[in-house]
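Here, each number is a calculation from the coordinates, and none is a lab measurement. Values in this document were obtained by computation on a predicted structure and should not be read as measured data. Don't worry about glycine lacking a Cβ; one is built from the backbone with ideal geometry, like all the others, and counts go over all protein chains shown.
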Amino acid sequence: MLKNALLLEEVPAVEIAELARLVKTVELGEAQSFVVRGQPNPGLVMVEGGNLEVLLDSSPICSLSPGSLFAEDALVSDAPAPATLRAAAKSKIGLLERKAVARELMRLPFLRQSLETAYRKRVLLARIYTIDLFQALSPEARSKVLDRFEVVDVPGGSVLATEGERGDSFLLIREGEAVLHLPPLSADAPPDTPQTAELKIGDYLGDGALIDDAPHTATVSAPYDVKVMKLTRKNFEQVLKPIPGALDAVRAAFARRSESIL
């Protein structure tokens, strides 16, 4: 069943066998939910027996029979489950937990590379497509930009951005959470106005830093360890300069956004 997972198709059999040792068997009773939409997604689910339903809110959208796979992307992202998985009858599933896989990545190089490639092509590409500066790029340009992102492990207690200081990098939260510290309240602001906001997986900061060196408007800290995807302005410009019109399109998108804010 693991061999049928698309994101594992380039992983050699010897590493697939190592993964198989990590699979846990879980028995589900009729109508028992295993994964709930919006809640943490534990990992890749393989249906070994019975029948399961995939639901959006309370509406079934499809059923999974033995041999089916669910939530491959859970191996590459901590993002919440996009749907609920519920047993339509007594069922048996195999669970490959993301945390268990992560502990073995250093000794499984082909798997490590496959999961990193899958993250960039499935998760990161989809996320940056929703950000206006990257929407201005052609599919070819966005694909090239993906390769210039660096994976950075930020230890707890670090500061990702400081209000008033100039930045030169775009940061996207890959794992963990950060805290956005909002500017001081004005005299007429309600006393219960929040002074912080959480930045969760998929949230970002510093997109404007890819265009100019304007100072950060707020401080962002990482109380606990967090993993980010970092794209520096230097790398961004290097990859786009050879593509006719790419930088101009991004700058125009940034100008339009700035004007709409004003």
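Per-residue extension of 0.36 nm, minus the Cα-Cα distance of V26 and K99, leaves a gain of 24.6 nm for this segment. Working from Cα pairs under 8 Å separated by at least six residues, relative contact order for segment 1-77 is 29 percent. Could you tell me which label, among [x] 17.3; [y] 19.1; [z] 16.4, carries the value of mean projected area of the Cα convex hull in nm² calculated for this structure? Looking at mean projected area of the Cα convex hull in nm² for this model, the match is [x].
Shape index of segment 2-105: Rg/Rh, with Rg the Cα radius of gyration and Rh the Kirkwood radius from the inverse mean 1/r over Cα pairs, equals 0.96. For q = 0.17 Å⁻¹, what log10 I(q)/I(0) does segment 107-251 give under the Debye formula with an equal point scatterer on each alpha carbon and no solvent? After summing over all Cα pairs, the log10 values are -1.01. Here the Karplus relation 6.51 cos²θ - 1.76 cosθ + 1.60, evaluated at θ = phi - 60°, turns the backbone of segment 45-62 into coupling constants of 9, 10, 7, 9, x, x, 8, 10, 10, 9, 10, 10, 6, 10, 9, x, 10, 6 Hz, with x for every Gly and Pro.
In the chain, helical runs assigned H by DSSP with n ≥ 4 each contribute -39500 (n - 2.57); averaged across all residues and rounded to the nearest 500, the mean residue ellipticity at 222 nm is -7000 deg cm²/dmol. The simple Förster model, with R0 at 35 Å and r as the Cβ-Cβ distance, assigns Q238 and T196 a FRET efficiency of 0.50. Between amide H atoms placed 1.01 Å from N, distances below 5 Å from L64 occur with L52, E53, V54, all of them 5 or more places distant or on a separate chain. For V36, the amide hydrogen comes within under 5 Å of the amide hydrogens of L85, counting only partners 5 or more places away or on other chains and with H modelled in the peptide plane. For segment 107-262, the relative contact order works out to 33 percent when only alpha carbon pairs closer than 8 Å and six or more residues apart are counted. Taking the Cα centre of segment 130-261 as reference, the dipole from Cβ charges on Lys and Arg (+1) and Asp and Glu (-1) amounts to some 540 debye.
On the beta carbon distance between A214 and D153, with R0 = 35 Å, the FRET formula returns roughly 0.80. Calculated FRET efficiency, Q113 to D188, Cβ-Cβ distance, R0 = 51 Å: about 0.40 to the nearest 0.05.
Amide H contacts under 5 Å for E97: K24, restricted to partners 5 or more places along the chain or on a different chain, H placed in the peptide plane at 1.01 Å from N.
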